Every structure is written in C-alpha cells, then in structure tokens.
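Take a look at the structure set out below.
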Amino acid sequence: MKVAGFSFIKNAVKFDYPVLEAILSILPVCDEFVIAVGKSDDDTLNYIKSINSPKIKIIETVWDDSLREGGRVLADETNKAYKAISPDVDWCFYIQGDEVIHEKYLANIKNAMIKYKDDMKVDGLLFDHLNFYGSYDYVADARNWNKKEIRVIRNKKNFYSYKDAMSFRKDNDIKLDVVYVDACIYHYGWVRPPAAMQQKLLEFHKLWHDDKWVNENVPKVDEFDYSKIDSVSKFKETHPKVMEQRLKRLNWTFSFDPTKGIKQSLRRRILNFIYQKTGWHIGEFKNYNLIKR
C-alpha cells in the first residue's frame, strides 16, 4: 500500500498558518507528500522547504484570481496538488494548512486504509472535525461548526476537490461513498492573535466575495472580536505533539462570557442542546454517502 499526503498553501508566514505542523502530523503514514505552494507575499516557499524531508514534493503555483468567487480557487489549488500525486499511490491523505491530526489517530487511519484498500466500493474515509476557537483551550461546539469531513480518498482521475475545497466529488458532481473512521481533524483556523486573525479574515473573505462586499461587510478594526460566538466549551484533552511549540508561544488570552455572545433563536438553542447532548445533528447536509461496515 502506498499513501500520499497532499495540501496547498499561500502566505503561511504572513497569516501564521500551522502548515508545518499539519504536514508533520500525517507524514509518518505517508510515502510522499505533495504541496502546492502559491506565489506568496512572504517566505512561505522556504518555510515549507525547511521541513527537509525526502517525502516532500513541492509544486509552485499562481492562484487564479478569476476563481475568487465562492472560494473556488481553494479547490483549484487542491486539485493541482492532487493531480501531481504519483500514479502508483493507493490512498491520498488531504490536510489543509490549518488542520492537524493527533498522533493517537494515525494507527486507526492506517488500519482503515489497509482494510479497505481492495474494497473498491469505498471511495474514501470520513473523519470527525473539531474547531478550536479563540485559544487552544476552547472549541466551538454549536451544531453548525463541527461536521464530519472526507480527508482520505482514492487516487482517481475522476475525483476532484469540490466548491471551496472542504470536500470531494467524482464525475457529474456525484458524492463519494465513504466509511467513517474513529479519527478527528483538529482545525486551528480560528486560533491566532486577534490582530493576525482580523487580517486573515479580511484576506479570507476576498476569496469568496468582490471588493465591494468586503468593504461593506468586514469591520474595519485592528483586532478580531473573539466574543462574537454563540457557544464554546473547554477543551479537556491533549493537543497533537507537533503543536507543543505553538502552544508555548500563545501570547494572548481568551475566555468566553455567555452573556456577551451571539444570541440564538429558541429553535437554534433547542437544536444545539440536542446536538451537544447526543451528537445528533438534525437537518445536517452530508457531503458524502456513508457506507455502513
């Protein structure tokens, strides 16, 4: 069995992406790792090269500004990396630049790859998704935040990254048939110093909207207001080992005051209560077909 990791990145240094940690977190189960490094305003290319592993294959790209609406450029960059994977690879392990896999899940993931390698009815593997918010001590726990995501797919010419790169499809927009694996993606996209978070958010919105929308809807402030969240909970487990140095560099504080958070409608409060107590996500859109095994 041969496994390739793949990802894309741009301006990792400027916007403080934990992309090195992302790559290193899954490198132990990968035979190669392809990363599309977009032309950046900082030293991202050398930052990636600093990993200095023979498994790393860098392809230098230029992001297509005509694909700005709806975040399509993110899928385009994902596809560039995916298409550069060696043809003899069986499984392709996707990870974004602000996602990290805890080492405790690697054995489960590898075992699932082995188990389903020859079961061609299985297009990919599905993981849980956990969103850290404000600091490394809190996770956003409302039902609209945490969804399951496909992060391992077969090496197929007719598979492609879908919409804004959060999932995958095959020809004719057909959903992939996937098996759930007891593993979790740790998403750190909402954990940055407040000033860096505000700048990242501004650039992030430019991948979905035109300048007029950005000017009218993104607050012109120096720091992001982390209090504007509906529900968070304390994280009581451990972080991946590759994140240890980042945790030590934490230089701001975040605590959640429910009285100052976004007020939810009665309907949403009920749905969130059910989700938080049972894990049942009523009305969830599933970007995959789940195979029961």
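The values are calculated or read from the model by the stated rules, or taken from the named source; none is laboratory data. A quick note: this is a predicted structure, and the numbers were derived from the prediction, not measured. Positions of Cβ are generated from backbone atoms using ideal geometry, with glycine treated the same way; all protein chains shown enter the neighbour counts.
Observations, loosely collected:
- Index of the failed condition, N215 passing every other in (1) at pLDDT below 85; (2) exposed (fewer than 14 other Cβ atoms within 10 Å of the Cβ); (3) closer than 25 Å to D128 by Cβ: (3)
- Filter pass, G97 being among the small types (G, A, S), over 13 Å from the mean Cα position of the chain (by Cα) and crowded, with 19+ Cβ neighbours inside 10 Å: no
- Scanning the stretch 97-118 for any residue that is in a loop (DSSP other than H, G, I, E, B), at pLDDT 95 or above and among the small types (G, A, S) turns up at least one such residue.
- Only a single criterion out of (1) touching a residue at least 40 places away in the same chain (Cβ under 8 Å); (2) among the aliphatic types (A, V, I, L, M); (3) over 18 Å from H209 (Cα atoms) is not satisfied by L74, namely (3).
- Output for the stretch 44-63, where each listed residue is exposed (fewer than 14 other Cβ atoms within 10 Å of the Cβ), of a type outside the set (G, A, S), part of a loop (DSSP other than H, G, I, E, B) and modelled with pLDDT of 95 or more: P54, V62
- Screening I114 against (1) more than 22 Å from L20 (Cβ to Cβ); (2) of a type outside the set (S, T, Y); (3) surrounded by 15 or more Cβ atoms within 10 Å (Cβ to Cβ) leaves a single unmet condition, (3).
Yes/no matrix, rows are residues, columns are (1) under 14 Å from Q96 (Cβ atoms); (2) among the small types (G, A, S):
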residue: G5; (1), (2): yes, yes
residue: F8; (1), (2): yes, no
residue: V19; (1), (2): yes, no
residue: V62; (1), (2): no, no
residue: D65; (1), (2): no, no
residue: G70; (1), (2): no, yes
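- Answer residue from the stretch 185-208, given it is touching a strand residue (DSSP E or B) at 6+ places or on another chain (Cβ under 9 Å) and surrounded by 20 or more Cβ atoms within 10 Å (Cβ to Cβ) and is nearest to Y94 (Cα to Cα) among those: I185
Results for (1) in contact with a Gly (Cβ under 8 Å, 6 or more places away or on another chain); (2) basic (K, R); (3) farther than 30 Å from K14 by Cβ, shown as yes or no for each residue.
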{"residue": "S86", "(1), (2), (3)": "no, no, yes"}
{"residue": "H102", "(1), (2), (3)": "no, no, no"}
{"residue": "K110", "(1), (2), (3)": "no, yes, yes"}
{"residue": "K115", "(1), (2), (3)": "no, yes, yes"}
{"residue": "D118", "(1), (2), (3)": "no, no, yes"}
{"residue": "K121", "(1), (2), (3)": "no, yes, yes"}
{"residue": "A140", "(1), (2), (3)": "no, no, no"}
{"residue": "K147", "(1), (2), (3)": "no, yes, no"}
{"residue": "I150", "(1), (2), (3)": "yes, no, no"}
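- Looking only at the stretch 50-71, residues that are over 20 Å from A12 (Cβ atoms) and in contact (Cβ under 8 Å) with a residue 60 or more places away in the chain come to 2 in all.
- Those residues of the stretch 100-121 which are among the aliphatic types (A, V, I, L, M) and within 22 Å of the chain's Cα centre (by Cα), in sequence order: V100, I101, L106, A107, I109, A112, M113
- Selection of strands (runs of 3 or more DSSP E) fully inside the stretch 134-174 by the criterion of at least 2 residues being among the β-branched types (V, I, T) and either at pLDDT below 95 or more than 12 Å from the chain's Cα centre (by Cα) (or both) returns 149-154.
- Verdict on F204 being part of a helix (DSSP H, G or I), hydrophobic (A, V, I, L, M, F, W, C) and closer than 21 Å to D42 by Cβ: yes
- Unique match (being under 27 Å from A196 (Cβ atoms), surrounded by 13 or more Cβ atoms within 10 Å (Cβ to Cβ), at pLDDT below 95 and not hydroxyl-bearing (S, T, Y)) among G38, G71: G71
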